[in-house]
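To start, the structure under review is shown below, and the notes come after it.
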Amino acid sequence: ATLFAAVDLAPRDPILGLNEQFNADPNPNKVNLGVGVYTDENGKLPLLACVAEAERQIQAAPKPRGYLPIDGIAAYDRAVQELVFGADAAVLAEGRVATVQGLGGTGGLKIGADFLRRLNPAAAVLISDPSWENHRALFTQAGFTVGAYPYYDAARRGIDVAGMLAALEGAAPGTVVVLHACCHNPTGYDLSPADWERVIATVKARGLVPFLDMAYQGFGEGIAEDGAVIGRFLAADVDFLVSTSFSKSFSLYGERVGALSIVCRSKDEATRVLSQLKIVIRTNYSNPPTHGAQVVATVLTTPALRRMWEEELAGMRNRIRQMRLLLVEKLKAAGVSRDMGFITEQKGMFSYSGLGQAQMQRLRDEFGVYGVDSGRICIAALNTRNIDAVARAIAAVS
Ligand code: PMP
């Protein structure tokens, strides 16, 4: 037998597979609502003006490309901390946060997963049911047994908070609980402030390890509003981890810009934690790439560019909100009698439309409208040119 004769063919990534199917579809009116990417009113992936300007400034004084430190660009890590925890946060003044640059939000999650696994090999991981596809796979690959806590309540079109709390109460101390900081992917339903308080109290009482995944800060209600959950964890004085992604908020998907921050008890503890994170990084890819983090650090720390970014991010957020309102209107006009108003209650890029697998299949086959079989559609891919066709197609299969 040959060396690799026994290698199985792995199933292809469901969402990327959907993309391939979309690309192969000859239908000129096809619409891709599958992948989680923001496109503008013209259906194009935006290059933010703040990013283009930062790149122009960086290009004006080109620098040689030495290796970065293992934990990344210091100014970038600092800017991430100030964005995530607030510039005047006591934990920063006290030096209690260990932050490393990561390869996108995924990289931040994986560094955290590898670190936690070494720290406590006996711990289990709980993710939301449902969750971002890659959470389960990523924590499983890191060696964890991954379970789920109830989250989406299809009948009530909301969150099963009681079920979630019961699962957390039943979890063994040390269990890692992955929480979506805002703009829950895939459902679009976020915990209310009161529910967050209950979740945090339970996590604290049970001695669980909260790992916040912040992939959409600024896509829900605003940068500060979406980040408010971090302040709640700080106020509760629990130790936690936060992964950050700038893929969406800077439209820098391909640059792989993200981070991991870990809030510790003391500066000394943070120093020791950081030293372990560096080993995880060093033995995986040695040190991170320069360009994306340099762009993000430049934008976040240059007041004029920072203002530009906040405006452009607000533009993306508001356009998504408009599309939610418009879709509800158009669905009604297209003859959907059920109240679809729940779409405007959801936050971020996605909507759990409530459509089943057979309906999603028909949307693809008969109308060239591509969403995920779970019923998830990407609202950030709607625009005034494609929304009528999408509404008519959904009405036809409803
Ligand atoms: N977490 C969630 C919830 C996400 O939706 C995504 C991106 N789809 C990520 C993490 C990963 O982000 P990145 O592309 O920056 O790795």
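Could you tell me which residue of the stretch 359-381 is farthest from Phe219 (Cα to Cα), considering only residues that are of a type in the set (A, V, I, L, M, F, W, C) and within 20 Å of the chain's Cα centre (by Cα)?
Val372
Given the condition charged (D, E, K, R), in contact (Cβ under 8 Å) with a residue 40 or more places away in the chain and within 23 Å of Tyr352 (Cα to Cα), answer yes or no: does some residue in the stretch 47-62 qualify?
No, the stretch 47-62 has no match at all.
Yes/no per residue for (1) surrounded by 21 or more Cβ atoms within 10 Å (Cβ to Cβ); (2) within 15 Å of the ligand (Cβ to nearest atom); (3) at pLDDT 95 or above; (4) more than 30 Å from Ile200 (Cα to Cα):
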{"residue": "Ser243", "(1), (2), (3), (4)": "yes, yes, yes, no"}
{"residue": "Leu274", "(1), (2), (3), (4)": "no, no, yes, no"}
{"residue": "Leu277", "(1), (2), (3), (4)": "yes, no, yes, no"}
{"residue": "Pro303", "(1), (2), (3), (4)": "no, no, yes, yes"}
{"residue": "Leu313", "(1), (2), (3), (4)": "yes, no, yes, no"}
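Only one residue in Leu326, Leu331, Leu277 is of a type in the set (A, V, I, L, M), closer than 27 Å to Ala113 by Cα and in a helix (DSSP H, G or I), so which one is that?
Leu277
In this structure, is Val161 in contact (Cβ under 8 Å) with a residue 12 or more places away in the chain, more than 20 Å from the chain's Cα centre (by Cα) and under 23 Å from Ala236 (Cα atoms)?
Yes: the conditions hold for Val161.
Considering the stretch 89-110 alone, what residues qualify as being within 19 Å of Pro210 (Cβ to Cβ) and either within 12 Å of the ligand (Cβ to nearest atom) or at pLDDT below 95 (or both)?
Gly102, Gly105, Thr106, Gly108, Leu109, Lys110
Only one of these is more than 15 Å from the ligand (Cβ to nearest atom) and on the phi > 0 side of the Ramachandran plot: Gly163, Gly170, Gly143. Name it.
On inspection, the qualifying residue turns out to be Gly143.
Just one of (1) part of a helix (DSSP H, G or I); (2) away from the ligand (no atom under 16 Å from the Cβ); (3) among the hydrophobic types (A, V, I, L, M, F, W, C); (4) crowded, with 21+ Cβ neighbours inside 10 Å trips up Ala75, so point out which.
Failed condition: (4).
Answer yes or no as to whether Ala172 is surrounded by fewer than 14 Cβ atoms within 10 Å (Cβ to Cβ) and within 28 Å of Ala194 (Cβ to Cβ).
yes
Only one of these is under 28 Å from Ser247 (Cβ atoms) and either in contact with a strand residue (DSSP E or B) (Cβ under 9 Å, 6 or more places away or on another chain) or buried (at least 18 other Cβ atoms within 10 Å of the Cβ) (or both): Gly188, Gly163. Name it.
Gly188
It is to be established whether one or more residues within the stretch 343-352 are more than 14 Å from Tyr189 (Cα to Cα) and in a helix (DSSP H, G or I).
no
The values are calculated or read from the model by the stated rules, or taken from the named source; none is laboratory data. Just so it is clear, the model here is predicted, and its values are computed rather than measured. No Cβ is skipped: glycine too gets one built from the backbone with ideal geometry, and neighbour counts run over all protein chains shown.
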